Amino acid sequence: MQRGIAPALCEEIKRVFKEAGAALGANPLEPSTMLGPIVDQQQFERIMSYIEIGKKTATLVAGGQRKGDKGCFIEPTLFLNPDPESPVVKEEIFGPVMTIQTFETEEEAIQMANNTSYGLAGTCICLLWTRKLGC
């Protein structure tokens with residue numbers, strides 16, 4: 001994401017994540033439920049291991065914790081500017097974890113996207129989201 005719009009977008013994502021996290025544990029059969037538990041304990045532990053890596057290689061902006069002491073609920077988690085070689089950038093997590101990498105120039109953004117097999121998808125999502133926010 002372009003460095004200049006990162007603070008505003010991070011704040012908006014934090015707001016959305018806080019709302020989603022507050023509803024964790026709600027009835028999964030209710031149409032208003034936005035986020036449910038992780039599928040099983042093994043996947044829960046896998047995601048939490050990525051979050052611990054992210055805490056060491058990036059700035060934790062939101063979430064990053066288990067919610068409650070029952071079930072496999074993880075707060076929606078946002079990391080800013082992880083080390084480009086961190087597994088939270090290089091690998092698919094399959095959990096409520098998002099990373100934002102900032103850039104200054106188009107060339108830098110292309111280089112970042114080409115440095116991971118998931119870069120293009122993440123860049124596309126960010127571009128769509130920032131357009132929606134009017135950035």
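For region 76-95, which positions are among the charged types (D, E, K, R), farther than 26 Å from Ala22 by Cα and out of contact with any Ser or Thr (no Cβ under 6 Å at 6 or more places or on another chain)?
Passing the criteria: Glu85, Glu91.
Only one residue in Glu12, Glu19, Glu52 is at pLDDT below 90 and among the charged types (D, E, K, R), so which one is that?
Testing whether each residue is at pLDDT below 90 and among the charged types (D, E, K, R) leaves just Glu19.
Are there any pairs, at least 6 apart or on different chains, whose C-beta atoms fall under 8 Å, with the first in region 16-39 and farther than 17 Å from Met98 by Cβ and the second of a type in the set (D, E, K, R), and if so, which?
Within 8 Å, the pairs are Gly25/Lys67.
The values are calculated or read from the model by the stated rules, or taken from the named source; none is laboratory data. Since this is a predicted model, take the numbers as computed values, not measurements. Every residue, glycine among them, receives a Cβ derived from its backbone with ideal geometry; neighbour counts consider all protein chains shown.
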